[in-house]
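Sharing a structure below in structure tokens format, with a few things to ask.
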Amino acid sequence: MATPSATTLQMFSRVFTRAFHASSVTSASRARLKGLLEDVPPYPFQIKHTFKQSWFGLYGGKHIQFGNNVGRESNFKTRRRWLPNIRHKSLWSQALGKAVELDVTANVLRTIDKVGGLDKYLLGAKSARLKELGPMGWALRWKIMNTPWYKKQMQTEMEALGLTETTKPTTEETPVAASVVNSNP
């Protein structure tokens, strides 16, 4: 029996090679998410696993949606999907002193314009805003909160309210707070 030549083996080996990465997409995105949230406090909300693309941008809670196109005359249904209106933008962060490149939905861009910039959007304190930030927004928020710009802003805000490090009220000084702390339901 004749042995196949080297060129024949090379020709057949090309047919059966893999043209894609050996690791699965989910493990790669989970590793990327783990690296993103490494030095950040835990995200206070459950991370959605149905639209993993939203982990790495500001999607404002927008999600992929599914439904049907229905024919006018035949009433025949064809499955389809609606994707969020995503834009890859470079947004200026005053706190970080540089532009941040990320994927943003058009809805979030509108909200950023309304509140007065990326920093104000990320530093919003309402739970609905924190929930719509997602893991990427949470990590950016943490970066901003650790900048000297943010610390200076907080210091001026505390001084405007008449609060300093030495005049912070304690539970012993305020009878209402002490009664709430000491009451056992």
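The values are calculated or read from the model by the stated rules, or taken from the named source; none is laboratory data. Quick caveat: nothing in here was measured; it's all calculated off a predicted structure. When we count neighbours, we look across all protein chains shown, and the Cβ atoms used for this are built from the backbone with ideal geometry, even at glycine.
Looking only at residues that are assigned to a helix (DSSP H, G or I) and free of Cβ contacts under 8 Å to residues at least 12 places away in the same chain in the range 31-52, which one is farthest from the chain's Cα centre (by Cα)?
By that ranking, first place goes to Ala31.
Out of all the residues in the range 98-126, which are over 24 Å from Ile47 (Cα atoms) and touching a residue at least 24 places away in the same chain (Cβ under 8 Å)?
Hit for the range 98-126 is Gly117, nothing else.
What's the number of the only condition in (1) assigned to a strand (DSSP E or B); (2) among the hydroxyl-bearing types (Ser, Thr, Tyr); (3) surrounded by 14 or more Cβ atoms within 10 Å (Cβ to Cβ) that Thr111 fails to meet?
Result: Thr111 fails condition (1) only.
Just to be sure I understand, how many residues within the range 127-149 are farther than 19 Å from Pro44 by Cβ and in contact (Cβ under 8 Å) with a residue 12 or more places away in the chain?
2
Quick one: how many residues across the range 25-59 are of a type in the set (Ser, Thr, Tyr) and in contact with a strand residue (DSSP E or B) (Cβ under 7 Å, 6 or more places away or on another chain)?
1
Which of the following residues is surrounded by 11 or more Cβ atoms within 10 Å (Cβ to Cβ) and either aliphatic (A, V, I, L, M) or not in a strand (DSSP E or B) (or both): Ala125, Ala95?
When all the criteria are applied, what remains is Ala95.
Which of the residues spanning the range 147-166 are surrounded by 12 or more Cβ atoms within 10 Å (Cβ to Cβ) and β-branched (Val, Ile, Thr)?
Listed by number, the list holds a single entry, Thr147.
Would you say Thr111 is among the β-branched types (Val, Ile, Thr), modelled with pLDDT of 95 or more and under 24 Å from Arg30 (Cβ atoms)?
no
In addition: Is at least one residue of the range 81-92 under 10 Å from the mean Cα position of the chain (by Cα), closer than 25 Å to Arg32 by Cα and not in a helix (DSSP H, G or I)?
no
Also, I was wondering about something else. Which pairs have Cβ atoms under 7 Å, sit 6 or more apart or on different chains, and link a residue in the range 54-69 that is surrounded by fewer than 20 Cβ atoms within 10 Å (Cβ to Cβ) to one that is acidic (Asp, Glu)?
Phe56/Asp103; Gly61/Glu132
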